[in-house]
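> Please read through the structure below; I'll follow up with questions.
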Amino acid sequence: MIRNADLHCHSIVSDGTLEPEALAARAAANGVDLWALTDHDEVAGQQRARAAAHANGVAYLTGTEISITFANTTVHIVGLGFDADDPALNAGLRATRGGREERARDMAAGLAQVGIADAFEGALRYVGNPELISRTHFARFLVDSGVCADTSEVFRRFLVEDKPGFVPHRWASLADAVRWITQAGGIAVIAHPGRYKLTQEQEDALLSEFKRHGGQALEVVTGSHTPAEYAVYADLALAHGLLASRGSDFHSPDESHVDLGTLPPLPAKLTPVWEALTERVQRP
């Protein structure tokens, strides 16, 4: 029986600060018994993560987090339990990663206009995988440079819409992301739905379209949700006939508000996504 599943976190392969092996050890130390590494638009860390999980006695599910555009908003779709070697999935992830460097250079140009020089080169120092340079890497550079006190201040002042370093990126479509995951044998999950600034009508449209394309789960208990939002999204999962997922969205010991494996359990009325992935769980 799974008692402590953490199915959303990031390593140095995308925008986390720890190696997959360190994450696996941290998850095990915190009592996680089913773990998934879900790096952004990338599966390069999967073999290392699985081997490290098994070395620590933890069951493993493959994972990734795909960026999509819906209603002019960036939304994240987590994939779980897929074949990480699937050609179509890997081709889709490569295409999604492709626009990041151009976007990053445009972000740096915007920051230069307000007196912050060499931000692209600075952000690169924090990138484990240059294909996955992101706003998080710029935020770390600006904190360590003394421009801001913490990454929250960076985003608030520079990296959100209408601020100097914000550059929108057109990601994959919802249909594409769900198809890549499901055709590779996995289950698609809408990540941290409480983070998106969608109207009620847009949120309902997202959930309905997601399900129509074959999406099956909603992340209910996650690091950026409040206890009140656990209840809101538990009800939405039930209303839309979706499975429920749980994941800390852990990135770094110094930045993340919630550590691996420390979230409360899913509300009892929900069906956990891992119950539909029993045959895909890779046990030590």
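Read-outs throughout are calculated quantities, based only on the coordinates presented, and are distinct from any laboratory measurement. The model shown is predicted, which means the values in this text are computed figures rather than measured ones. So basically every Cβ, Gly included, is an ideal-geometry build from the backbone, and we count neighbours across all protein chains shown.
> From the helices alone, meaning DSSP H stretches of at least four residues, give me the mean residue ellipticity at 222 nm for the chain, per-run term -39500 (n - 2.57), in deg cm²/dmol to the nearest 500. Spell out each step's value before the answer.
Numbers: 10 runs with 100 residues, N = 284.
Calculated from helices alone, the mean residue ellipticity at 222 nm is -10500 deg cm²/dmol.
> Okay, moving on. State the Cα centre-to-centre distance between region 1-55 and region 198-267 in whole Å.
19 Å
> Express the relative contact order of region 103-167 as a whole percentage, based on alpha carbon pairs under 8 Å and six or more residues apart in sequence.
Details: 75 pairs, mean separation 22.2, N = 65.
Computed over region 103-167, the figure is 34 percent.
> Net charge within 9 Å of Ile2 by Cβ-Cβ distance, Lys/Arg positive one each and Asp/Glu negative one each, not counting Ile2 itself?
Working: positive: Arg3; negative: Asp33, Glu275.
In short, -1.
> In region 27-68, which residues have a backbone nitrogen under 16 Å from the label point lying 7 Å from Asp83's Cα in the Cα-to-Cβ direction?
62-63
> Let me check against my output: what whole-number percent is the relative contact order of region 141-258, with C-alpha pairs under 8 Å and at least 6 apart? Walk me through the intermediate numbers first.
Numbers: 117 pairs, mean separation 23.1, N = 118.
It rounds to 20 percent for region 141-258.
> Take every Cα pair under 8 Å in the chain that's 6+ residues apart, average their separations, divide by the length, and report that relative contact order as a whole percent.
On the way: 577 pairs, mean separation 63.3, N = 284.
It rounds to 22 percent for the chain.
> Run through region 222-281 and list the trypsin sites (Lys or Arg not before Pro) located in a DSSP loop whose Cβ has at most 11 other Cβ atoms within 10 Å. Mind showing how you got there, number by number?
Working: sites: Arg246, Lys269, Arg280; in loops: Lys269.
Here the trypsin sites (Lys or Arg not before Pro) that fit, given the DSSP loop and packing criteria, are Lys269.
> Need one number: nm distance between label points at Glu102 and Thr74, each 7 Å from Cα along Cα→Cβ, rounded to one decimal.
Each label point lies 7 Å from its Cα, and together they span 1.6 nm.
> When the label point is put 7 Å from the Cα of Ala109 along its Cα-to-beta-carbon vector, which residues of region 152-180 have a backbone N closer than 20 Å?
Once the point is set 7 Å along Cα→Cβ of Ala109, 158-171 turn out to lie under 20 Å by backbone N, inside region 152-180.
> Just to verify a number: FRET efficiency for Ala231 and Met1, C-beta to C-beta distance, R0 = 25 Å, to 0.05? Mind showing how you got there, number by number?
Working: r = 24 Å, r/R0 = 0.97.
Computed FRET efficiency for Ala231 and Met1: 0.55.
> Starting from the Cα-Cα distance between Leu238 and Ala117, subtract it from 0.36 nm times their residue separation and give me the gain in nm to one decimal.
Working: separation 121, 0.36 × 121 = 43.56 nm, distance 4.91 nm.
38.6 nm is the gain from fully extending Leu238 to Ala117.
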